[in-house]
Structure formats: C-alpha cells, structure tokens
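The values are calculated or read from the model by the stated rules, or taken from the named source; none is laboratory data. In this text the structure is predicted, and so the values were computed from the model without any measurement. Positions of Cβ are generated from backbone atoms using ideal geometry, with glycine treated the same way; all protein chains shown enter the neighbour counts. To get the accessible areas, we keep the full protein, side chains included, count just its heavy atoms, and leave off ligands, DNA and RNA. Shrake-Rupley method; radii C 1.70, N 1.55, O 1.52, S 1.80 Å.
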Amino acid sequence: MATILHCDANNFYASVEMMLNPSLKDKPVAVCGNPEKRHGIVLAKSELAKRAGVKTGEPLWQAKQKCPNLIFVAPHFDEYVAISNKLFDMYSEYTDKVEPFGIDECWLDCTSSINLFGSGEKIANELRERVKRELGITISVGVSFTKIFAKIGSDYKKPDAVTVIDENNYKQIIWSLPVSDLLMVGRKTAKLFKQLSINTIGDLAKYDKETLQQYIGINGKKLHDYANGIETEEIKFADQKHIPESVGNSTTTPFDITNASEAQAILTSLSEMVAVRLRKYKLIANGIGVSIRYCSLEGTHKNKMLDFSTCNAQDISEQAFAIFQEIHNFKNNPPIRQLGVYTYKLTAGKNRQTSMFDITHDKRENLDKSIDKIRAKYGQTAVKTGIVAKHQEICDGLVDKEFQPFKK
C-alpha cells in the first residue's frame with residue numbers, strides 16, 4: 001500500500017509576508033496587486049482575513065467592505081520563490097519523489113521512506129514542526145494511499161494540521177464531502193454531476209460507472225475510480241520537469257487600449273515572455289492564439305496553426321498581431337482592457353520542421369538566446385524592442401510575476 005503525502009503551505013503569500021514583518025502577525029492581511037495598474041485584487045489572504053469573508057480574486061474595495069481593518073501589502077515574489085525552494089529542499093530530504101502542484105504545495109511518495117523515518121503520519125508531523133520552526137510558516141498535510149485522497153486530506157483541516165485518510169476511514173471522511181472537492185471536478189463537470197443527482201463524493205462513488213462514461217466520457221470513469229480510492233498515477237521524481245500542453249500569458253492593461261499601436265506593443269511584450277518560457281522548456285509551438293477582453297467585460301479569442309514551428313518572440317508577436325487584426329477592429333469594437341497570447345501544439349525543439357532554405361527563424365532564435373543572456377544578467381528591461389520602448393507607459397511592468405504561473 002502506497003504512502004502519499006500532500007503538503008500545502010497555509011495562506012502562503014500572506015504567511016511569508018507576516019514572517020518577514022512580524023508586526024502583521026495576528027492581523028487580517030491581504031496581499032494584493034497594484035491598484036494603479038488595475039491589478040487591484042486580492043492575491044492571497046491571512047487566516048483572519050479569510051474568516052472575515054475575504055476571498056482571493058475579489059476587488060480590494062470589496063474586501064475592505066467585508067473587513068474594514070484589513071491591511072493591504074504588496075507582493076514580494078522573490079521571497080515567495082526563495083521560501084518555496086527551501087520547502088521543496090526540505091521535502092526532498094525524506095524522498096526523491098516530490099511532485100510540485102504550484103509554488104506552495106506538492107505530493108511526496110514516502111512509500112520507500114517509512115523504514116527510515118517512520119509512518120506517513122510521523123513524517124507529516126515532523127515536516128509540519130520543522131517548517132514552522134525553520135521557516136516561520138505553517139503547512140497542512142494529508143496522508144493517504146492515493147494522490148487524490150492526500151490532496152483532500154491537506155484541505156480537510158487547516159491551518160497547521162495533519163489528516164490521515166486510510167482504507168478504514170476514507171468513506172467516513174471523504175464520501176460526505178461535496179463532489180466539487182474532488183480534484184479535477186471543475187464547475188462544468190460539477191454541473192453535469194448535479195443533473196445526475198450526484199452531489200457528494202459518495203454519490204459519485206456509488207454511481208454506475210458505465211452510465212457516467214455515457215454522460216461525461218472517459219473522465220467519468222476516472223473520477224469514479226478516484227472517489228473509490230483507485231488510482232494508478234505515480235508521483236514524479238523531483239528532477240522530472242513539468243511539460244505544459246500550452247504556454248501563454250495575459251494581462252489587464254493599465255488603461256483601456258484604443259489603437260493598434262498600443263495593442264501591438266502589449267502583444268509584443270507578452271510574446272517575449274511566452275517565447276522565454278518555451279525556450280526554458282525546450283519546446284516549440286505549432287499554434288498561436290490571442291484572447292481579448294473588452295471594457296464591457298465581454299471577450300473573444302482565436303487560434304490558428306502555423307506553417308512552421310517556433311519559440312521565437314518575433315515570430316510569435318507577428319502571428320499574434322495578425323490574428324488580433326482578424327478579430328478586432330477599433331472602429332467597431334469597444335476599447336480593450338485585457339489581452340492574452342498563448343501557444344499550443346507544443347513539441348520538443350529537436351523536432352522542429354522548417355524549410356532547408358529558410359534560415360530566418362534560426363537567426364531569430366539565436367538572437368533571442370543572446371537577449372536571454374543579457375536580460376538574465378542585467379534585468380528584463382535591459383533590452384527592449386522598438387514598439388515596447390515607444391509605449392513603455394503601458395508595457396513597463398506589464399508582465400508582472402503575479403500573472404505568471406509558478407512552476408517548478
């Protein structure tokens with residue numbers, strides 16, 4: 001029987017801020033974006049703020065109405081990454097199978113570690129105490145025989161707690177929970193479940209598997225297995241990199257965009273970040289898409305396959321702007337408040353397909369790699385394309401770290 005731990009740092013951003021500034025301890029705290037750039041939303045909240053009803057993603061003014069004494073603090077992402085690295089280093093002392101699930105949580109396969117360190121519960125409590133003592137924050141840990149149940153366990157009791165879910169008690173603990181608590185059950189799937197009168201995880205576990213597949217597809221059978229404690233997916237080794245199915249970035253603009261030059265500058269800036277991440281993963285894109293959200297909060301998007309594959313910023317920005325012009329006309333559409341660029345159909349770089357006579361993309365990629373080195377040494381703003389420099393009032397700080405996914 002496997003011994004799986006899921007470790008989740010409690011209120012991570014806010015906890016790190018309180019650790020850095022002890023005067024914030026025992027006060028309602030919200031880490032927030034920059035209100036002047038319309039990123040004025042709650043990114044994370046402390047336990048006291050959570051109890052007052054403050055929610056991640058809500059506007060600052062709304063959070064303040066719920067909790068008048070709420071303290072807003074700016075994010076310090078470098079600190080979050082530093083603490084996250086220390087957390088994962090600590091976890092790796094107990095097993096070489098450590099699979100991240102974002103910056104602040106991960107799974108540990110301790111099946112082979114119990115002879116060295118004791119039971120899963122003992123390891124969980126030891127980690128919980130070490131994190132509190134050595135890093136000044138708290139974690140909650142779920143201990144179980146599957147990844148899914150361990151994840152539920154870390155959410156079951158918070159903060160600073162350990163929950164053990166084994167073969168003897170999982171029905172009692174898990175089956176009464178809402179079906180939406182099961183990993184991979186999003187709003188759309190939960191809505192389909194509701195139509196089938198599946199409201200709890202227990203309802204799902206007892207439902208006919210073949211009928212589920214008819215209504216929901218192969219995912220229905222998989223979720224049915226999860227609810228019954230059946231899972232075959234293994235924890236990845238710590239040095240196994242997450243390979244994404246798509247890479248993209250989007251941003252809410254500092255002010256409404258009303259002309260093509262401003263839109264092109266933003267798309268160029270976003271494309272540069274997307275290209276950097278593709279190169280980091282050693283991937284190339286065969287498809288590019290653009291998303292638009294208007295000031296009316298309505299939106300549109302379009303994607304298209306390329307005649308070539310690329311991880312070059314100029315290729316991506318040119319294609320993104322061409323797509324943008326196909327779906328948006330400033331005379332007929334409202335001003336824009338949010339733009340996004342994403343790439344898909346990703347393959348390993350060595351599989352790149354281009355014409356033997358076409359060396360333009362190779363030259364561009366070599367240039368990008370040189371720019372990467374300069375920016376790594378002197379900062380992101382050390383090199384700017386002309387159009388980004390022209391519109392630096394909307395592009396400076398546009399691709400904030402708070403809008404980038406933290407992946408190990």
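For segment 80-116, give me the residue count where each residue is open to solvent by less than 60 Å² (accessible area, probe 1.4 Å) and assigned to a helix (DSSP H, G or I).
Our first condition is that a residue be open to solvent by less than 60 Å² (accessible area, probe 1.4 Å); within segment 80-116, this holds for 80-84, 87-88, 90-92, 94-95, 97-100, 102-111, 113.
Those left that are additionally assigned to a helix (DSSP H, G or I): 80-84, 87-88, 90-91.
Count: 9.
Tell me whether segment 230-245 contains one or more residues that are under 24 Å from Phe101 (Cα atoms), among the hydroxyl-bearing types (Ser, Thr, Tyr) and modelled with pLDDT under 85. Walk me through it before giving the result.
Step one: filter segment 230-245 for residues under 24 Å from Phe101 (Cα atoms), giving 230-245.
With among the hydroxyl-bearing types (Ser, Thr, Tyr) added as a condition, the list becomes 232.
Those left that are additionally modelled with pLDDT under 85: 232.
Yes.
Given the conditions (1) over 22 Å from the mean Cα position of the chain (by Cα); (2) of a type outside the set (A, V, I, L, M); (3) under 18 Å from Thr95 (Cβ atoms), and given that Gly153 satisfies all but one, which numbered condition is not satisfied?
(1)
Select from segment 117-129 the residues that are crowded, with 16+ Cβ neighbours inside 10 Å and without any contact (Cβ under 8 Å) to a residue 60 or more places away in the chain and list them in ascending order.
So in segment 117-129, the residues crowded, with 16+ Cβ neighbours inside 10 Å come out as 120-121, 123-125, 127-128.
Of everything in segment 117-129, those that are crowded, with 16+ Cβ neighbours inside 10 Å and without any contact (Cβ under 8 Å) to a residue 60 or more places away in the chain turn out to be Glu121, Asn125, Arg128.
Output the residues belonging to segment 274-294 that are within 18 Å of Asp315 (Cα to Cα), open to solvent by 30 Å² or more (accessible area, probe 1.4 Å) and touching a residue at least 24 places away in the same chain (Cβ under 8 Å). Break it down into steps so the answer makes sense when it comes.
Within segment 274-294, the first condition is being within 18 Å of Asp315 (Cα to Cα), and the residues that meet it are 274-291.
Retained after the next criterion (residues that are open to solvent by 30 Å² or more (accessible area, probe 1.4 Å)): 276-277, 279-282, 286, 291.
Within segment 274-294, Val276, Arg277, Arg279, Tyr281, Lys282, Asn286, Ser291 meet the criteria.
Criterion first (in contact (Cβ under 8 Å) with a residue 12 or more places away in the chain, among the hydroxyl-bearing types (Ser, Thr, Tyr) and farther than 29 Å from Pro28 by Cα) does Ser140 satisfy it? Spell out how you get there, then give the answer.
Numbers: in contact (Cβ under 8 Å) with a residue 12 or more places away in the chain: yes; among the hydroxyl-bearing types (Ser, Thr, Tyr): yes; farther than 29 Å from Pro28 by Cα: no.
Against the criterion (in contact (Cβ under 8 Å) with a residue 12 or more places away in the chain, among the hydroxyl-bearing types (Ser, Thr, Tyr) and farther than 29 Å from Pro28 by Cα), Ser140 does not qualify.
Could you check segment 133-202 for helices (runs of 4 or more DSSP H) lying wholly inside it with 3 or more residues that are within 18 Å of Glu233 (Cα to Cα) and open to solvent by 30 Å² or more (accessible area, probe 1.4 Å)? First the steps, then the outcome.
Details: elements: 147-156, 170-174, 187-195.
By residue number, no helices (runs of 4 or more DSSP H) qualify.
Of everything in segment 60-73, what is touching a residue at least 24 places away in the same chain (Cβ under 8 Å) and either open to solvent by less than 60 Å² (accessible area, probe 1.4 Å) or of a type in the set (Phe, Trp, Tyr) (or both)? Give them in sequence order. So that I can check it myself, show each step before the final result.
To start, the set of residues in segment 60-73 that are touching a residue at least 24 places away in the same chain (Cβ under 8 Å) comprises 60, 63, 67, 69-73.
Within segment 60-73, Leu60, Ala63, Cys67, Leu70, Ile71, Phe72, Val73 qualify.
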